[in-house]
Amino acid sequence: MTLNRLQFETSPYLKQHEKNPVDWYPWGKEALDRARTEDKPIVLSVGYSACHWCHVMAHESFENPQIARIMNEHFINIKVDREERPDLDQVYQPVAQILTRGGGWPLTVFLTPDLKPFYGGTYFPPTDRYGRPGFGRLLLALSKAYHEDRSSVLERAERLTRAIREHEEWSPDSEASALPTDEDEALLGAAHDLVQRLDWQNGGFGGAPKFPNVSGLSFLWRMGSRSRDFREAVILSLDRMRCGGIFDQLGGGFSRYSVDDHWAVPHFEKMLYDNALLMKLFGEVLSSDFSQELSPPQKERFLSGLRLTLDHLKREMTSPEGAFYAAQDADSDGEEGKFFVWTPEELSSILEPPEFEVFTRFFGVTETGNFEAGQNVLFLAHPDEAPTNETLQRAIQKVRSAREKRVRPGLDDKILVSWNGLMISGLAWASLAFEAQDETDRAEDARLLAVRAFETLAEKPRRFLEDHAFMAQAALDLARVDIQRASFYVDSATVAMDEVRARFADERGLGFFMTANDDETLISRPKSLYDQAIPSGSGVVYGVMSVLAEASDSANENFTFDSRPLLSLARTQPFGMSEILSAVLLKRESPVILRGKADLRFRAHSFCFVVDGTTAPVQYCHRQTCRIGEFRLPF
């Protein structure tokens, strides 16, 4: 089979399509010039390697010779890995949201040669199905419209392009009344709005499919000193996730989302960012003074979840150089979830009768199953029972060993700077949690893994806002656990923020753009204000700036900002702007800076920061005022 141009790419997702009969191009000058020269519309297909429905559309349509022939004859076809080009994904994702009231991947958008969208959606079946037009029929209809009804197509393209630009453009009302007069009241109102959306039976927000939405939970936890309800919402949600099938009960790590509303059956792909964000939040909870509100079984579940996830990261997601891979696929051996699910017959062939009895009871295994064809996704059916039974532990080891003989899910071994930054922060907070619970060996293990990754990533190019933001946040989080080098990490974060201010800032002070001033020009310059699968880059930048403004006298003026315009927007949509809310909260309360002895360990609230491991006696600084000795946190 003739390989297309994707054979020269390094992205695992693009390489998955190199043998398609489709004449694929990567995004670039060659494809865009050809579209203009031949006056052909563009099929832009955006996805990622661990995406199940991307695989389905590839098998059904892109491997279909008849559909490929239509694509090659009538279109210029471009494949994009959304993890390599998050800017392209953010620019064109609203097309699917506008036209279908839903987004996601695969993202399929039809563009004019000047890159304006005129139609789009997500997954399209090969023939009419699920109330969606068949892809082959759709291709022919859109090609005909482009060549025979050009004016209508161009008018539609202009409307969609305006909508995209309006989506990215935001400015606060010029009226002073539009800005909040009481920030604390606005923050409390946003937190109460989030709690109103919580599923108090199953945890998390909304119904099926259910995503972790960690940024919202993190904001609630950081508001936890205001209300026990906020803390209980977070503890409930984390506990339900830890007990459910969204957590890999044998191997550790969280899947991307649950297809139901109670975390039972996941979409089995494991993304680095989900595990990073959840590791950090579990770490914040366990290292907080409020961890005493966890019941003993809950505390052990949270700790064991961190242990298993750390083991999963080391075993399956760490490169030889010490950086972290992007994702693990949902599919193995051509089937979704095959690596992870079990039938009673399979288990009975592995386990002795007493082992089988205790294992199936503990993990909720039944004859009917909770997945396809009578298969079972494991979950904690009796979560408050301590898993210390020797028979159960022996059974777990046997089943783990049997699973290791299966065909493993595919691995996306890209090293993404931004996602690695999130995981470094997650490991730092896991280290704090382990130390708070007197698991010092685990704490050191997590710390060393984070330090090694930071050093590995230090010299890698940083293209997007999130690369700079998340690595700066990682540096500050490392300063909490690598105290002797705290000044080095503060300097690293300062350099990153200087770069962000110079190349990514909106001059009006309304957030930061995803791409730099000198980057490729697209139909819209995307801004990173809203939380997506990862936190808002602008929100993380503002949080880092608040810490630097307090930690360094010389940086104080450079890193101050007016939070009221941001709060005026975030207050109206807290679910989509929780990271901005966290940044405003941090600025309002101001970080606590602790300067102390090198061997000092401080169980910091998430808005506290440990710096300078050499000076003595201990100093506590808050709002540019320092004192020696005992200090009570202001929140």
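Read the figures in this text as sums done on the coordinates, not as results from a lab. Everything numeric in this text was worked out from a predicted model, so none of it was measured. Note that each Cβ is placed from the backbone with ideal geometry, even for glycine, and that neighbours are counted across all protein chains shown.
I'd like to know which of PHE504, ALA68, ILE580 lies farthest towards the positive end of the charge dipole of the chain, counting +1 on Cβ of Lys and Arg and -1 on Cβ of Asp and Glu. Of the listed residues, the answer is ALA68.
Here the residues MET545, MET317, ranked from fewest to most Cβ neighbours within 10 Å of their Cβ, fall in the order MET317, MET545.
In Å, the Kirkwood hydrodynamic radius of the stretch 469-528 over pairs of distinct alpha carbons? Answer for the stretch 469-528: a Kirkwood hydrodynamic radius of 12.8 Å. In terms of its C-alpha gyration tensor, the stretch 5-168 has a rounded overall shape, because the principal axis ratio a/c (a ≥ b ≥ c, square roots of the eigenvalues) stays below 1.5.
Please arrange THR37, THR100, THR161, THR309 by counting, for each residue, the other beta carbons lying within 10 Å of its beta carbon, fewest first. Write down the numbers at each step before the final one.
Working: THR37 10, THR100 13, THR161 20, THR309 26.
With the fewest neighbours first, THR37, THR100, THR161, THR309 line up as THR37, THR100, THR161, THR309.
Remark on THR122: its backbone amide H falls under 5 Å from those of THR108, a criterion applied only to residues 5 or more positions apart or on other chains, H modelled at 1.01 Å from N.
The Cα center of the stretch 282-316 and the Cα center of the stretch 477-546 differ in position by 29 Å. By the combined test of axial Cα extent (at least 15 Å) and Kyte-Doolittle hydropathy (mean at least 0.5), the qualifying DSSP H helices of the chain come to 272-286, 417-436, 537-551.
A protection proxy built from the mean count of other Cβ atoms within 10 Å ranks the segments 5-15, 26-36, most packed first, as 5-15, 26-36.
Take every DSSP beta bridge with both residues inside the chain and express the antiparallel ones as a percent of the total, to the nearest 5.
On the way: 33 of 45 bridges.
Around 75 percent of the beta bridges assigned by DSSP in the chain are antiparallel ones.
If you plug the beta carbon distance of LEU99 and ASP491 into 1/(1 + (r/R0)^6) with R0 = 45 Å, you get a FRET efficiency near 0.45. On full extension, the segment bounded by ASP261 and ILE350 gains 28.9 nm, given 0.36 nm per residue less the C-alpha separation. Here the contact order of the chain, divided by its residue count and restricted to Cα pairs under 8 Å and six or more residues apart, works out to 11 percent.
Which of LYS79/LYS144; LYS15/LYS527; LYS29/LYS414 have a Cα-Cα distance over 25 Å? Walk me through the intermediate numbers first.
Values: LYS79/LYS144 22 Å; LYS15/LYS527 29 Å; LYS29/LYS414 23 Å.
From LYS79/LYS144; LYS15/LYS527; LYS29/LYS414, over 25 Å: LYS15/LYS527.
Ordering TRP419, TRP200, TRP53 by the number of other Cβ atoms within 10 Å of each residue's own Cβ, fewest first, gives TRP200, TRP53, TRP419. Annotation: the stretch 340-405 has a Kirkwood hydrodynamic radius of 11.9 angstrom, from the mean reciprocal C-alpha pair distance.
Using +1 on the beta carbon of Lys and Arg, -1 on that of Asp and Glu, and nothing else charged, what's the dipole of the stretch 5-168 about the Cα centre, debye to 20? Write down the numbers at each step before the final one.
Working: 22 positive and 23 negative charges, 61 e Å.
Charge dipole of the stretch 5-168: 300 debye, to the nearest 20.
Computed extension length for ARG501-ASP289: 72.8 nm, one decimal, from 0.36 nm per residue of separation with the Cα-Cα distance subtracted.
Within the stretch 348-403, the GluC sites (Glu not before Pro) that combine a DSSP coil assignment with at most 10 other C-beta atoms in a 10 angstrom radius are GLU367.
Spacing of the modelled spin labels on THR572 and LEU448, each 7 Å from Cα toward Cβ, amounts to 5.2 nm.
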